[in-house]
1. Treat the count of other C-beta atoms within 10 Å as a stand-in for reagent exposure and order Glu6, Glu102, Glu112 from fewest to most.
2. List every residue whose amide H lies under 5 Å from the amide H of Tyr123, counting only residues 5 or more places away in sequence or on a different chain, with H placed 1.01 Å from N in the peptide plane.
3. Could you work out how much longer the chain between Ala75 and Arg31 gets when fully extended? Use 0.36 nm per residue separation minus the Cα distance between them, nm to one decimal.
4. Using the count of nearby Cβ atoms within 10 Å as a rough guide to exposure, how do Thr157, Thr40, Thr144 rank from fewest to most?
5. Could you state the principal axis extents of the C-alpha atoms in the range 73-150, from the largest down, to the nearest angstrom?
6. Test of understanding: extend the Cα→C-beta vector of Ala24 to 7 Å, then name every residue of the range 75-118 with backbone N under 17 Å from that spot.
7. Under the 0.36 nm per residue contour assumption, what length would be gained going from the current alpha-carbon distance of Arg65 and Thr106 to full extension?
8. Would you kindly calculate the translational diffusion coefficient of the range 2-165, applying Stokes-Einstein with the Kirkwood radius from alpha carbon pairs, for 25 °C and a viscosity of 0.890 mPa s, and quote it in µm² s⁻¹ without decimals?
Amino acid sequence: MVVQEEFRDRAHEIVWCTVATVGADHRPRSRILHPIWELTDSEPFPRDATGTGAAAGLVGWIVTRASPVKARHLAYSPYVSCSYWEPGHQVAVADCHAAWIEDVATRQRAWELFRDAPAPLGYDFWSVFPTGPAGETPSLLRLTPYRLRMFDVDTLTGKKEPAAWP
């Protein structure tokens with residue numbers, strides 16, 4: 001779980017993430033979002049028929065609006081690429097399965113993860129979504145990574161191999 005822990009720590013330091021989806025026109029669309037990642041005790045989903053599995057012990061959450069484009073794209077292809085970058089060239093990339101979560105208890109729990117995290121990672125959504133986690137406007141995406149990669153100046157210049165899972 002070393003790569004998962006390093007990924008989570010780097011993502012939480014950088015905070016803002018470029019998240020890309022692909023629609024039926026096969027064209028990518030990116031947006032800046034604010035995921036929070038947590039380590040769990042086990043692999044959240046088993047490997048599927050393609051042999052793709054989830055990053056054991058790592059789950060991401062995004063409180064967002066289910067915009068028409070985002071919803072269409074995820075209905076077409078439920079996969080996202082999450083890319084973090086900072087000016088010192090610390091990079092973290094998670095390729096994930098993304099799923100909309102309707103369960104109010106899970107939405108409340110994710111809301112509290114953000115609320116309880118220290119700034120700038122943590123923040124309170126009440127100012128953005130005054131109806132709260134059970135309201136119609138906020139939506140919750142669960143991110144289940146199937147590939148993690150991390151780069152820095154040394155990996156980008158070929159001096160060492162990037163950290164990766166699997």
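Rule-based calculations on the coordinates, nothing more; no lab input. Bear in mind the structure is a predicted one, so any value in this text is a computation, not a measurement. For neighbour counting, all protein chains shown are included, and Cβ atoms are generated from backbone atoms with ideal geometry for every residue, glycine included.
1. Numbers: Glu6 15, Glu102 9, Glu112 12.
Listing Glu6, Glu102, Glu112 from fewest to most nearby Cβ atoms yields Glu102, Glu112, Glu6.
2. Arg115, Ala117
3. 14.1 nm
4. Working: Thr157 10, Thr40 14, Thr144 21.
With the sparsest Cβ surroundings first, the list reads Thr157, Thr40, Thr144.
5. 37, 33, 18
6. 75-79
7. Working: separation 41, 0.36 × 41 = 14.76 nm, distance 1.63 nm.
Gain in length upon complete extension: 13.1 nm.
8. Working: Rh = 16.4 Å.
Stokes-Einstein gives a translational diffusion coefficient of 150 µm²/s.
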